[in-house]
Amino acid sequence: MLTLRTSSPFELFDRIEQQLSQQLHTAERVPAAEVHETAEAYEVVLELPGVDKDAIEVKATDRGLTINAERRSPRDGDVQPATGPLLSEFRYGTWSRSFRFPQPIEREQLEARYQGGLLTVAVPKAHRVSSVTVKVEG
């Protein structure tokens, strides 16, 4: 038996809106970044609004920088709101961004500053690069 279903065009829009909303909530969330370069250093700036300074971790390798951060929901804290929001577009959870630089960096001289929701990391370029000579046997 064939069942015919009639629907209004508005129902189609409602379904599209629900699908887009679901994709928005499940999409990977990474903070926006800017990377600047001078002759002496790189500067990495990330937008991390609402992130506690203690929830930010900066790690460096010979040529790379990884920044991890977590924005906690008020529900994760000690004080619970009386009711949940009717609508929430805030993004909570953990983020991670990695950057690889074209030349080695001075890992021990990194400086990070967090102010006004912006994390700024100064990454000095390495001026000394060591090399190793390997004897070829055969």
Report summary line: Of (1) touching a residue at least 60 places away in the same chain (Cβ under 8 Å); (2) over 19 Å from PRO31 (Cβ atoms); (3) in a loop (DSSP other than H, G, I, E, B), VAL51 fails just (2)
Report summary line: In segment 63-73, anything modelled with pLDDT under 90 and either among the polar types (S, T, N, Q) or loosely packed, with under 12 Cβ neighbours inside 10 Å (or both) is listed as SER73
Requested in this report: Out of GLU137, GLU108, GLU43, report the one residue that is over 28 Å from GLN18 (Cα atoms) and either part of a loop (DSSP other than H, G, I, E, B) or within 15 Å of the chain's Cα centre (by Cα) (or both).
Outcome: GLU137
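The values are calculated or read from the model by the stated rules, or taken from the named source; none is laboratory data. None of these values were measured; they are calculated from a predicted model. Don't worry about glycine lacking a Cβ; one is built from the backbone with ideal geometry, like all the others, and counts go over all protein chains shown.
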